[in-house]
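The next block holds one structure in the form of structure tokens; read it before the comments.
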Amino acid sequence: MAALTPATGKRPAAPQRSGRYGLLLLLLIGTYLLSASGFSTVAADLQTLLFAAVVLLALRTAPLGRKLTIPAVVVVLVGSAAAAAAALTHTRAGDGAADIWKGLILLLTTVLIVRRVLARPTVTIQSIYGALSAYLIIGLMYAAFYAAIQRLGSGAFFAHHQPANTQTLQYFSFTTLTTLGYGDFTAAGNGGRALAVIEALTGQVFLATLVARLVAAFRSSGEQAIPSPGEQARPATRQHWPPAGARHGSRVSYRRRPPGTDRKASPGG
């Protein structure tokens, strides 16, 4: 039980948990590499659980309070279990519903991370990790929405009958997010094209504003903390005792002087 403060008689507020996004960034990189490797089939089945772990890590550091965190955790766990069960049916409707759920929980994760990063009073290395994690999550989120369009739509997602799977959809998403525009994969339908334009605009705004400002603020705070080579500490001046303004015959005793002071020499000494 928390003790009461003597001044106000109230319990001190619980310290806010600082966001640590290094583990989250490693999990996202591992998820992407697993999806891009030869284990893409296994990764596609495990993506719902991996993305649920991602949003739970984001909720762990989000300053939402227990009244909002506990219901959010319950909704994420129940929805992820339902989406995983729907994906195991291996039907177009089941896979499409699972992809929509992946995109929604990744959107929630992005909002939580960006809100937490912007709420920090100072820019630290964890802020940089959080911004990079949100950038990767945006790419995975759009890839999930592309997969939902491909599975729930009537025609092929890519033009020229290019294969649409986890690897190619994530590749298309990140090349669109970074505006590389290789041109080897192009959305065929209007829905995919419109979503690709929104993703390109999101990537430009996010990278040019949030990440760049965080990196610049982090560098400037580090430069201010380091003193310049020409700046030297001033030597401490020793104070004389008794003070020059002390009047003779006053009732104040000057027999005891504080450490680091020199006694003035008497006029006749």
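The values are calculated or read from the model by the stated rules, or taken from the named source; none is laboratory data. Bear in mind that the values here come from a model prediction, so they are computed numbers and not experimental data. Neighbour counts run over all protein chains shown; Cβ positions are idealised from the backbone, glycine included.
For Val211, the conditions (1) among the aliphatic types (A, V, I, L, M); (2) closer than 19 Å to Leu140 by Cα; (3) in contact (Cβ under 8 Å) with a residue 40 or more places away in the chain; (4) out of contact with any Phe, Trp or Tyr (no Cβ under 8 Å at 6 or more places or on another chain) all hold with the exception of (4). For the structure I just gave you, tell me whether Ala98 is modelled with pLDDT of 85 or more, assigned to a helix (DSSP H, G or I) and surrounded by 13 or more Cβ atoms within 10 Å (Cβ to Cβ). When the stated conditions are applied, Ala98 passes them. Answer yes or no: is there a residue in segment 169-179 that is surrounded by fewer than 20 Cβ atoms within 10 Å (Cβ to Cβ) and either over 22 Å from Gln47 (Cβ atoms) or among the aliphatic types (A, V, I, L, M) (or both). Yes, the conditions are met somewhere in segment 169-179. Within segment 68-89, residues that are touching a residue at least 60 places away in the same chain (Cβ under 8 Å) reach no partner that is hydrophobic (A, V, I, L, M, F, W, C) and in a helix (DSSP H, G or I) with beta carbons closer than 6 Å at six or more positions or on different chains. Could you pull out the residue among Ala86, Ala53 that is under 25 Å from the mean Cα position of the chain (by Cα) and in a helix (DSSP H, G or I)? Unique residue meeting the criteria: Ala53.
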